[in-house]
1. What is the fewest-to-most order of B:ILE483, A:ILE152, A:ILE99 by other Cβ atoms lying within 10 Å of their Cβ?
2. Could you state the angle between the C-alpha long axis of helix A:103-120 and the longest principal axis of the C-alpha atoms of chain A, as a value from 0 to 90 degrees rounded to the nearest 10?
3. Hey, any idea what the orientation-averaged projected area of the convex hull of the range B:187-248's Cα atoms comes to, in nm²?
4. Identify, among B:THR356, B:ILE242, B:ASN305, the residue whose Cα sits farthest towards the positive end of the charge dipole of chain B, taking +1 on the Cβ of Lys and Arg and -1 on the Cβ of Asp and Glu, with the dipole about the Cα centre.
5. Every cysteine in chain B with no other Cys Cβ under 4.7 Å from its Cβ, please list them in numeric order.
6. Put +1 on the Cβ of each Lys and Arg and -1 on the Cβ of each Asp and Glu in the range B:380-494; which of B:GLN435, B:SER465, B:ILE422 then has its Cα farthest toward the positive end of the dipole?
7. Can you sort A:ILE110, B:ILE93 by how many other beta carbons sit within 10 Å, fewest first?
8. Order of B:LYS165, A:LYS188 from fewest to most other C-beta atoms within 10 Å?
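What follows is calculated from the coordinates using simple rules that are stated; it is not laboratory data. Keep in mind that what you see is a predicted model, and the values were worked out from it rather than measured. Ideal geometry is used to build each Cβ from the backbone, glycine not excepted, and the neighbour counts take in all protein chains shown.
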Amino acid sequence: MSEKKTDEVTGIDTTGHEWDGIRELDNPLPRWWLWTFLACIVWAFGYMVFYPAIPLVSEATPGVLGYSSRASVHQDIQEARVAQSEMISKVDSLALADIRNDADLLQFAINGGRAAYSVNCSQCHGSGAAGSPGYPNLNDDEWIWGGNLESIATTLQHGIRHPGDDDTRFSEMPAFGRDGILDKEQVKAVANRVLALAGQPHDTELATAGTELYADNCAACHGETGKGDREQGAPNLSDAIWLYGSSEAEIARQIHAPRHGVMPAWGDRLDPVTIKQLTIYVHSLGGGE
Amino acid sequence: MASNDANVTPGDVARIEVEAVNSRQHRSLYKARESIHPMRVSGVFRRLKWWIMGVLLAIYYVTPWLRWDRGVGMPDQAVLVDLEHRRFFFFFIEIWPQEFYYVAGMLIMAGIGLFLVTSVLGRAWCGYACPQTVWVDLYVHVERWLEGDRNARFRLDKAPWNAAKIRKRFTKYLIWLLIAVATGGAWVFYFADAPTLFVKLFTLEASVIAYVTVGVLTATTFVFGGFMREQVCTYMCPWPRIQAAMMDENSLTVTYQDWRGEPRGRHRKAADASLLGDCIDCNQCVAVCPMGIDIRDGQQLECINCALCVDACNTIMARTGGTPNLISYTTLKSYEANADGRPALPLKKTVFRARTLVYATLWSCIGLAMLFVLFTRDRLDINVLRDRNPQFVVLSDGSIRNGYTVKILNMEQKERRVLLQISELPDALMTVVGQDLWPSRTREFVLSADQVQQLQIYVAVPRASVEPGANSFRFSVTDLSGIEQAHYGAIFRAPEE
């Protein structure tokens, strides 16, 4: 297997290795190859001196250049911020409607809004803004407090039922059942009346019974035909969208002891540009007015 | 013990037969490069090499400067790899990133083309067209012009460093460096507008990556062309090994006809002339070889088949009245036939054989297919991505809405007015984010030249008009000033119950 021989054709020694009659010539390596190899070793030592290299207990040796990938990312982020500064100042100075009329600014605001939404809003409204019972779906065209740019901006700025903000959106529906304004049968009748307004399957007899009760107790805020009133934050009862569910039991429960959602006043926590971007993003989700 | 041995004389000590492992008699593991100074030669193949070299260098240096008018806002460079905007321009052809299969097709054609050339002509690529060969040839030419031919260069190598040598060497390195800079410089012009970049390179306004690219290519050209030369072919390049596997007994190779050349001999006295072969052992073939090998040792890895030895031998044969083509392009089959005294195969038969015909057919088929695809390809396209979070939205009137990201690609180099429409989904209406228009089934857009227009589109359908679950429909885009149309089969999703 490893018997050294001389190749008859070339007169060069073989390494003695042989595979199926194929032998390996033992030619000397070119000297430049050796130098290249040595240069690589020198380079490696240089790299170890200049860059983080040897792992120690808590961190690696820092290297004289002080390079770190984390600092590099930080710098990239700073550069991105500087690159965005022109767009950001435009968003800051222009009115919401003007931002929306500029295709580039609109896209910039939507992208920025999407990022801010993921961080601040998705916990309640969901990553796709589809909401869940008690947390409104922001994609649809039903708005309790209004769906134009200004209304959305106000809701974001001051929140809903946010303690400590005088301009916060506030509405409170009486607990008709729990506080004894209506008895159990009356609540059920009103619930069927509401279902009738929404064009949903209902008990006609109970709905008829509930008509007067509705007019006396509910119409002041929700309107005679259940169209709601955004000034008061009274939801539209005649459409297909329900915050707490559309079954008779769910509606009855809401009449008995209503639940009231809370949203923070984001004006305290986010800068005006982010609020603007969020406004435009939410407005772009399909229900914007 | 020491006292007992004290009276042993040096002659009594037994000598062990051993040799240091690093003794001088052992050969070195490393070998320094021996300089090769190919001698000037003239002849058919040398002239061919000049022509090919001139044409290839001209193509390389001049191509980026060719202009091609594509209209306002489009680059006017005939050949341009626009990495920033992800476009490749080649005269009248423009390639978008999703059409990258053209490049794959070109590479396959290049591969099969090399199989074809190698199976017919052997290492013709190495001998004539390889950049390494072309630039080394150019560098050697500069060297010969400044320092003289082979013998003068050997003398200069050995000469002590005096003023004349320093001047000659300095001039040579300077010219080499200029060629190297021009080579590296020409490369970056393929990736940006050449006249603009040319000025920017000198005013220090070009990008760092441009300078780095020029620097790296300058260094490799200078080192590979000036100093590494044949070492690149022998030790660094995989192609000689690959080609060795692709050649067969019908491939042309530069061959020494030893059956009539041997035994070689210089002294042609009447007495022993009949014993000698045609080779007069003048070593001209070795002296002109850019690889520094002796072709008379037979086919070997280092040989790039440039045929300069053929020219050298034929020149000598013409001068001495000998039979030409003692070294010539020959197939192994013809060589063997000649050695056995049989007639050689006609060239027609060795060139047109099953293998080469299969390669040629394959190559042509792929080429024709690519041409066909090129002239019938879409210049208007539409891509639709349905929003998946949420899958659908129920609106206040009970209708269902889906969101789509629609991309319309205008790959023409002019502005186009197109009509986007929904087909098949009855009662469906679309709205476009950013456009406050009434919902409709069709909408007109003006697409900028050579751009992708991205749209956020909402499609709403009354609940009664859709089936539960997935509903198929199509987005279509039509060029209003032409005939081109593109479709995309999309899904509209409604609640399952």
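1. On the way: B:ILE483 6, A:ILE152 25, A:ILE99 22.
Lowest to highest Cβ neighbour count: B:ILE483, A:ILE99, A:ILE152.
2. Approximately 90 degrees, to the nearest ten.
3. Details: hull surface 24.5 nm².
If I average the Cα hull's projected area over directions, I get 6.1 nm².
4. Of the candidates, B:ASN305 comes out farthest on the positive side.
5. B:CYS126, B:CYS130, B:CYS233, B:CYS237, B:CYS279, B:CYS282, B:CYS289, B:CYS303, B:CYS306, B:CYS313, B:CYS365
6. Going by the charge dipole, the pick is B:SER465.
7. Values: A:ILE110 22, B:ILE93 12.
Starting with the residue having the fewest Cβ neighbours, the order is B:ILE93, A:ILE110.
8. So the residues, fewest neighbours to most, are B:LYS165, A:LYS188.
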